[in-house]
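Heads up, the thing below is written out as structure tokens.
Only the coordinates and a few stated rules stand behind these numbers; no lab work does. What you see is a predicted model, and the numbers here were worked out from it, not measured in a lab. With ideal geometry, Cβ positions are generated from the backbone for all residues, glycine too; neighbour counts draw on all protein chains shown.
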Amino acid sequence: MFAKIEKGKGEKMIIVMKPGAPAAEREKIKTMLLRENFQINEIIGASMTVLGVIGDTSTLDPKRITVNDFVEKVMRVQEPFKRANRLFHPDNSIVNVSGVPIGGKKLAIIAGPCSIETDEQMAAVAEAVKAAGAHLLRGGAFKPRTSPYSFQGLKERGLGMLHEAGNKTNLPIVTEIMSADKIGEFVETVDLIQVGARNMQNFELLKELGKTNVPILLKRGLAATIEEWIMAAEYIMAGGNENVILCERGIRTYETYTRNTLDLSAIPAAKKLSHLPVIVDPSHAAGMWWMVEPLAKAAIAAGADGLMIEVHNDPENAWCDAAQSLKPDRFANLMKDLRAIAPIVGREL
Ligand code: PEP
Ligand code: MN
């Protein structure tokens, strides 16, 4: 948890002095600002000096500075996001998902089928991923399918089946929400509520989720910039729910060989800009099972806090995303390899 960001705290001010401005004039401005408890960062160049003013500059009238003849200009710099911003929260956030910490030293692995199909399928996959060392169980009950004629998910019945499989294996459950009218039900049964790529900018849904305190897994939109993605997290956090985990799942590019292009650079970028945990879903990025393993390893090597991986006990007959689903034995092998990689990048698994 972190201190509330007051209005205006995201603002900074930059004062550019005129070339050749006497040092005494600069000192006059500095003294005035220091007296008012601002901090000053001074950059002295060959021909120009710049003063960075740190503190809540929202109430500081720039005219008080521009009256000085030796000031070239005064600029306000507004940070686009506040609660999600690492600037105001230098330490990594750790989101606790029903006892599983995400964002700390220990990596968090979410695994399970694309869709919940039958009790038998859920039991088989849940037991297999648990045995391989997964920490959370996924499964879609409300599916955002490209075609309205494709399987849309088992809905409430599916949620019940996922809940049951999670209970039996003692794994917290992760599933996607598609509309705000289901929030009440999800809050009761789901440990980590997923907002899918297609809903990343469903601002009304994000605002409603911000009123809950259930952890939210926010996938990056199909063509969202990193800033848009973090701004979407800000929507949830602005409502008071600071338990947000970012998930990179590949973006739309000109490449058609893969389902999406996994943006590995989004991991260090999002972690530099934000204190929120960042996990990676290599399954929806690649679209092909044989690419999931190398991409998963790359994501952990690049600093991801965890992974979301689609696993199916019988991919040949899966109702959704068959081509990208790992069989349980391949998932177990991947976990073994990840256990070897984790300590190299200072993590545990
Ligand atoms: C999913 O995880 O099942 C899913 C639909 O993912 P995305 O929103 O990333 O496409
Ligand atoms: Mn899927």
Charge dipole of the chain about the Cα centre (unit charges at C-beta), most positive-ward option of 177, 20, 189: 20
Cα lying deepest toward the dipole's positive end in the chain, options 258, 240, 291, charges on Cβ: 240
Amide H contacts of residue 100 (H built 1.01 Å from N, under 5 Å, at least 5 apart or other chain): none
Below 10 angstrom from the Cβ of residue 151, what's the summed charge of the other residues (Lys, Arg +1; Asp, Glu -1)? +1
Let me know the charge dipole size of the stretch 258-311 about its Cα centre in debye, to the nearest 20, where only the beta-carbon of Lys, Arg (+1) and Asp, Glu (-1) is charged. 160
Determine, from the Cβ-Cβ distance of residue 119 and residue 98 and an R0 of 22 Å, the FRET efficiency 1/(1 + (r/R0)^6), rounded to the nearest 0.05. 0.50
Local charge sum around residue 296 (other residues, Cβ-Cβ under 10 Å, Lys/Arg +1, Asp/Glu -1)? -2
Spelling it out for residue 49: with amide H atoms placed in the peptide plane at 1.01 Å from N, the residues 5 or more places away or on another chain with amide H under 5 Å from its amide H are 17
Less than 11 Å Cβ to Cβ from residue 263, Lys/Arg counted +1 and Asp/Glu -1: what total charge do the surrounding residues give? +2
Determine, from the Cβ-Cβ distance of residue 72 and residue 254 and an R0 of 45 Å, the FRET efficiency 1/(1 + (r/R0)^6), rounded to the nearest 0.05. 0.55
Over 31 Å between Cα atoms: which of 12/271; 30/82; 182/272; 272/327; 155/207; 63/272 fall into that group? 182/272; 272/327; 63/272
Note on the stretch 1-151: contact order normalised by length, alpha-carbon pairs under 8 Å, 6 or more apart, percent, works out to 22
By the Cα gyration tensor axes a ≥ b ≥ c (a/c under 1.5 gives rounded; else a/b larger than b/c gives prolate, otherwise oblate), the shape of the stretch 173-249 is prolate
Expressed in nanometres to one decimal, the distance between label points 7 Å along Cα→Cβ at residue 348 and residue 170 is 1.7
Report, in debye and to the nearest 20, how large the dipole of the stretch 35-187 comes out about its Cα centre when Lys and Arg carry +1 and Asp and Glu carry -1 on their Cβ. 100
Under a plain spin-label model, where a point goes 7 Å from the Cα along Cα-to-Cβ, how far apart in nm are residue 213 and residue 314? 4.3
Magnitude of the charge dipole, the chain, Cβ model with Lys/Arg +1 and Asp/Glu -1, debye to 20: 940
Taking a ≥ b ≥ c as the square roots of the Cα gyration tensor eigenvalues, with a/c under 1.5 meaning rounded and otherwise prolate when a/b beats b/c or oblate if not, the stretch 288-333 comes out prolate
Rounded if a/c is under 1.5, else prolate if a/b is larger than b/c, else oblate: which is the stretch 58-187, with a ≥ b ≥ c the root eigenvalues of its Cα gyration tensor? prolate
Expressed as a rounded percentage, what relative contact order does the stretch 64-147 have, with Cα pairs under 8 Å and six or more residues apart? 21
A correct Stokes-Einstein calculation for the chain, using the alpha-carbon Kirkwood radius, 4 °C and 1.567 mPa s, returns a whole-number D in µm² s⁻¹ of 59
Using DSSP loop states and a limit of at most 14 other Cβ atoms within 10 Å to flag GluC sites (Glu not before Pro), what is the longest stretch of the chain containing no flagged site? 37-254
Under Karplus coefficients 6.51, -1.76 and 1.60, residue-wise ³J(HN,Hα) of the stretch 88-97 in Hz, glycine/proline x: 9, 8, x, 7, 4, 7, 10, 9, 8, 9
Expressed as a rounded percentage, what relative contact order does the chain have, with Cα pairs under 8 Å and six or more residues apart? 16
Give the residue list of chymotrypsin sites (Phe, Trp or Tyr not before Pro) in the stretch 240-349 that are DSSP loop and have at most 16 other beta-carbon atoms within 10 angstrom. 254, 257
Calculated P(r) of the stretch 36-92 - Cα pairs past 13 Å, %: 72
So for the stretch 1-141, taking the charge dipole from beta-carbon charges (+1 Lys/Arg, -1 Asp/Glu), which of 95, 48, 59 sits furthest toward the positive end? 48
